[in-house]
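Written below as structure tokens is the structure these notes are about.
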Amino acid sequence: MPSAFSPARTVVFRLHWALGLTAGLVLALMGLTGALMSYEEAITAFANRDRIQVSVAQDRPPLAPSALAARIEAQLPGQRVSALTLSGDPAQSAVARFARDRAGGRPSPVYADPTEGTVHGPVRLEAFFATVRDLHRWLLLPGEGKGWGRTITGACAIALLVFLGSGLYLRWPGRHRWRVWLRPNLARPGRARWWSLHAVAGTWLLPVYAVSALSGLWWSYDWYRAGATWLLTGQALPARAAERAPGGKPPDGKVPEGTPAIDTAWAEFSATRTASVATLTLPGPEAAAIRIRWYAPDSNLRNEATYDARTGAGLTDKRAADAALGPRLADNMLEVHRGRFFGAPVALLFCLAALALPGFFATGLTLCVLRRRAGRRRVPGRASRSAEASEQG
């Protein structure tokens with residue numbers, strides 16, 4: 001093991017602090033926004049509780065998707081429904097999302113009665129969480145996912161991995177008992193107390209941050225996503241525009257005259273699956289497939305079924321319960337990133353870890369300020385070596 005004053009250890013120490021004072025600020029912001037997004041659905045549901053519930057009448061079955069979309073569009077002229085989110089609970093409103101307008105903007109989604117199509121109003125906090133997502137993903141910088149913002153957040157995710165590796169290297173318990181290494185000593189005075197809190201909390205949360213960083217890179221770099229997909233599934237990353245690519249021979253199948261394909265697909269889906277919530281994409285004129293993403297009751301894992309856009313006949317049926325661990329991870333990477341893939345208690349831990357990121361930046365900044373103050377009161381060279389040695393240990 002290298003000594004406390006070895007060149008390698010000093011370089012790692014200074015790299016850790018340099019990244020902490022730069023990337024650490026961005027990570028603190030990403031942590032706050034990520035914590036908000038962890039419970040976006042619950043917060044949005046609470047804010048819209050008066051619009052989510054609908055009165056249930058026994059003699060009113062839910063409208064077919066095409067009829068529901070048509071009634072919503074009739075109340076909102078100029079807007080085209082692109083997706084419907086339907087709940088397995090008949091007392092829950094449907095959520096309609098719209099295609100982009102001519103200016104490139106996307107109208108706010110709305111709640112609607114699934115049995116009458118009556119629009120109850122827009123989804124409250126939608127604009128707020130859209131801003132939070134953009135801040136988390138690309139810092140609200142121009143270019144969105146193709147601009148510098150995405151590059152910066154991706155680099156900061158890599159910096160988080162460097163933090164974990166360098167912090168573990170600097171803390172490796174060659175000279176301490178494990179209990180000292182894993183339990184903060186808040187009774188120590190001054191800088192030692194802050195260092196103990198910073199280092200021990202980072203040690204405990206290291207696995208959480210490792211999963212968050214590795215899964216976050218999934219959306220940062222195409223090469224990373226392609227490589228991770230191959231490692232998890234053994235297959236190349238599928239073409240993202242496959243659903244919109246026209247052409248291909250439709251499967252054979254007879255459908256009732258005049259029945260829209262989306263209604264045929266939804267009828268087949270409803271007859272063979274029990275979903276707590278399902279999102280249907282309404283195909284455009286050149287679409288080759290209708291996609292239905294759905295969640296089984298008491299499950300956070302996403303399933304997906306596709307149907308031919310012209311006939312409504314089934315094409316594919318991907319169920320998380322039938323897949324191996326690797327494909328389940330790849331298909332549910334967002335849930336992995338938020339911790340929900342591992343269950344509700346772990347999701348809460350991920351949220352708390354995200355909230356702790358500003359604390360790591362604050363304690364790191366405090367340590368830097370205290371170290372500089374101590375250095376000015378001592379011989380410069382000796383003070384610097386003494387401070388680094390104490391904090392590396």
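The values are calculated or read from the model by the stated rules, or taken from the named source; none is laboratory data. Just so it is clear, the structure is predicted and the values come from calculations on it, not from any experiment. With ideal geometry, Cβ positions are generated from the backbone for all residues, glycine too; neighbour counts draw on all protein chains shown. Note: accessible area is taken over every heavy atom of the protein model, side chains too, but ligands, DNA and RNA are not part of it. Shrake-Rupley method; radii C 1.70, N 1.55, O 1.52, S 1.80 Å.
Students often get this wrong, so try it: which of (1) 24.3; (2) 21.2; (3) 20.3 is Kirkwood radius over Cα pairs in Å as calculated from the structure shown? Calculated Kirkwood radius over Cα pairs in Å: the matching label is (1). Across the range 154-160, rounded Karplus estimates of 3J(HN,Hα) from the backbone phi angles (6.51 cos²θ - 1.76 cosθ + 1.60, θ = phi - 60°) give x, 5, 6, 5, 5, 4, 4 Hz, Gly and Pro being marked x.
When the chain is treated as a GNM with alpha-carbon contacts under 10 Å, the residue of Gly190, Gly343, Gly165 showing the greatest mean-square fluctuation is Gly190.
Each residue of the range 331-344 was assigned a 3J(HN,Hα) from its phi angle through the Karplus curve 6.51 cos²θ - 1.76 cosθ + 1.60 (θ = phi - 60°); the sequence is 6, 10, 5, 5, 5, 5, 4, 8, x, 5, 4, 9, x, 4 Hz, with glycine and proline shown as x.
The candidates Glu144, Glu304, arranged from most to least accessible area with a 1.4 Å probe in the full protein assembly, appear as Glu144, Glu304.
3J(HN,Hα) along the range 125-137: 6, 4, 5, 4, 6, 5, 5, 4, 5, 5, 5, 5, 8 Hz, from the Karplus curve 6.51 cos²θ - 1.76 cosθ + 1.60 with θ = phi - 60°, whole Hz, x for Gly and Pro.
Using helices alone, I'd like the mean residue ellipticity at 222 nm for the chain: each DSSP H run of four-plus residues gives -39500 (n - 2.57), total over residue count, nearest 500. Intermediate values should be presented prior to the final figure.
Numbers: 15 runs with 205 residues, N = 393.
Rounded to the nearest 500, the figure is -16500 deg cm²/dmol.
Across all Cα atoms of the range 31-154, the radius of gyration (one decimal) and Dmax (whole number) stand at 16.7, 55 Å. Accessible area per residue for the range 1-108 is 55 Å², calculated with a 1.4 Å probe on protein heavy atoms, without ligands, DNA or RNA. Between Ala313 and residues 5 or more places away or on another chain, which pairs have amide H atoms under 5 Å apart, with H built 1.01 Å from N, and which residues are they? Here Asp308 satisfy the definition.
Ranking Leu160, Pro122, Thr306 by how far each Cα lies toward the positive end of the dipole of the chain (charges on Cβ) leaves Leu160 at the top. Computed about the Cα centre, the dipole magnitude for the range 302-350 is approximately 140 debye when only Lys and Arg (+1) and Asp and Glu (-1) carry charge, each at its Cβ. When the chain is described by a simple charge dipole with +1 on each Lys and Arg Cβ and -1 on each Asp and Glu Cβ, the residue from Trp17, Ala296, Gly31 located farthest towards its positive end is Trp17.
Using the crude model of +1 on Lys and Arg Cβ and -1 on Asp and Glu Cβ, and no other charge, please compute the dipole size for the chain relative to its Cα centre, in debye to 20. Before the final figure, lay out the partial values.
Working: 47 positive and 28 negative charges, 642 e Å.
Computed about the Cα centre, the dipole is about 3080 debye.
Positive end of the dipole of the chain (Cβ unit charges, origin at the Cα centre): among Ala64, Asn332, Gly88, the Cα lying farthest that way belongs to Asn332. Pairing the Cα long axis of helix 65-75 with the longest principal axis of the chain, what angle in degrees results, from 0 to 90 and rounded to the nearest 10? Approximately 80 degrees, to the nearest 10.
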